[in-house]
1. I'd like to check something: does the stretch 331-344 contain any residue that is acidic (D, E), outside any loop (DSSP other than H, G, I, E, B) and either more than 16 Å from M225 (Cβ to Cβ) or modelled with pLDDT under 95 (or both)?
2. What's the number of the only condition in (1) outside any helix (DSSP H, G or I); (2) modelled with pLDDT of 95 or more that L4 fails to meet?
3. Out of all the residues in the stretch 298-330, which are surrounded by fewer than 16 Cβ atoms within 10 Å (Cβ to Cβ) and either free of Cβ contacts under 8 Å to residues at least 24 places away in the same chain or among the aliphatic types (A, V, I, L, M) (or both)?
4. Looking at (1) over 30 Å from V203 (Cβ atoms); (2) in contact with a Gly (Cβ under 8 Å, 6 or more places away or on another chain), which is the only condition A324 fails?
5. Starting from residues that are among the aliphatic types (A, V, I, L, M), more than 26 Å from V133 (Cα to Cα) and in a helix (DSSP H, G or I), keep the ones in the stretch 294-330 and report whichever is nearest to the chain's Cα centre (by Cα).
6. Would you pick out the residues in the stretch 190-203 that are of a type outside the set (F, W, Y) and either in a loop (DSSP other than H, G, I, E, B) or surrounded by fewer than 20 Cβ atoms within 10 Å (Cβ to Cβ) (or both)?
7. Report yes if V195 is farther than 29 Å from R270 by Cα and more than 18 Å from the chain's Cα centre (by Cα), otherwise no.
8. Can you confirm whether the stretch 342-349 contains a residue that is closer than 30 Å to R55 by Cα, surrounded by fewer than 17 Cβ atoms within 10 Å (Cβ to Cβ) and free of Cβ contacts under 8 Å to residues at least 12 places away in the same chain?
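The values are calculated or read from the model by the stated rules, or taken from the named source; none is laboratory data. Note that the structure is a prediction, hence the values are computed from the model and not measured. All Cβ positions, even for glycine, are placed from backbone atoms using ideal geometry, and neighbour counts span all protein chains on display.
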Amino acid sequence: MNLLANLSRVKLLVTGGAGFVGSSLALALKHRNPGWDVTSFDNLRRRGSELGLPRLASNGVRFVHGDVRVASDLEAAGPCDMLLECSAEPSVLAGLDGSPEYVLDTNLGGTIHCLEHARRHRAGFLFLSTSRVYPIEGLSRIPLRETATRFELAPLAVGPGLSEHGVAEDFPLGGARSLYGATKLCSELLIAEYVAAYGLPAVVNRCGVIAGPWQMGRVDQGIVMHWASSHHFGWPVSYIGFGGNGKQVRDLLHVDDLADLVALQIPRLRELAGRTFNVGGGREISVSLLELTELCAAATGRRVPVTPVAETRAADVPLYLTDARRVQAEFGWAPSRSPRDIVAACVGWLRANEDALLPVFDPTGARRGSAGT
């Protein structure tokens, strides 16, 4: 029997619920299910997340200020039938310039608290993981060919978990992947144990680059919005690594496409418990930095200075494409928003909210003297 089939009202708790992904999913699910009691739970640590609180309230989503690192905060949010775990320190560079305490406590300790909350309340559990669980060295060894605007998979790019479609769920996991990726993989392993030990109805989505309006993008996380905001405000950008040519590639996923998938998954959690899905746009919805620059220039009508930086940073990879055939076959789902659509949505949001967003994207005012070319 489906987990939620006999429930006329669902109590949904969304952790990280004032962040970009969490708030977008909370609102989308409330819109689809007006009778649901939806609670957004967030510590508001990320600058700009506070701007979305009126949006949550006006759409009937309750907000609770709390931190997943504190188990009693979760209990104060109350019982739930379904927990959507979107909380995270999302930067792949987190902890590399100092203590890893926050990323470990939030991404791993926080998941443990969320799992315990779901276990105690017999709730369903949907976990947003990341493509960063796949090891850096393994991804960096994928054979590539270089074209005028991007890296592409070479014809010889085949092997376990690898095909012309990209990286699948059974890609080898041996090796280092960043502290961020490691915390997410450890969380996945704990979820599997909770499924086995307690019958927890839990599913894992390994997402690629998610983008769209309400993302407070930075250079280390939220690259599409970072690029769009830099073009909108006239700030320079850099092509970092891999020769400084901007040919590194990621596939994209509009947050509304993710919401469409999550809405299909929630009613089937018990049936699918223990399953892991790669979720992303694949080759069809992918972009290089060079191509992203052109899309942003076209959407904003502005070109900005681009600085090439040849040296590759730790944790960077030249290409990641999601092989999402498993999730597409299971749910009859496929993302529909193109890179051009995603950039246009980001730029439109920036234009409509420029005064409120400028202090968020440039908190010190240091870049406000910059101008586009």
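1. Taking the stretch 331-344 as the starting set, the residues that turn out to be acidic (D, E) are 341.
From what's left, outside any loop (DSSP other than H, G, I, E, B): 341.
If we keep only those that are either more than 16 Å from M225 (Cβ to Cβ) or modelled with pLDDT under 95 (or both) as well, we get none.
Checked against the condition, which is being acidic (D, E), outside any loop (DSSP other than H, G, I, E, B) and either more than 16 Å from M225 (Cβ to Cβ) or modelled with pLDDT under 95 (or both), the stretch 331-344 yields no hits at all.
2. (2)
3. Listed by number, the residues that qualify are A298, G301, V309, A310, A314, A329.
4. (1)
5. So, considering only residues that are among the aliphatic types (A, V, I, L, M), more than 26 Å from V133 (Cα to Cα) and in a helix (DSSP H, G or I), the one nearest to the chain's Cα centre (by Cα) is L295.
6. Of the stretch 190-203, the ones of a type outside the set (F, W, Y) are 190-193, 195-197, 199-203.
Once the filter is applied, which keeps residues that are of a type outside the set (F, W, Y) and either in a loop (DSSP other than H, G, I, E, B) or surrounded by fewer than 20 Cβ atoms within 10 Å (Cβ to Cβ) (or both), the stretch 190-203 yields L190, A192, E193, V195, A196, A197, G199, L200, P201.
7. no
8. No, the stretch 342-349 has no match at all.
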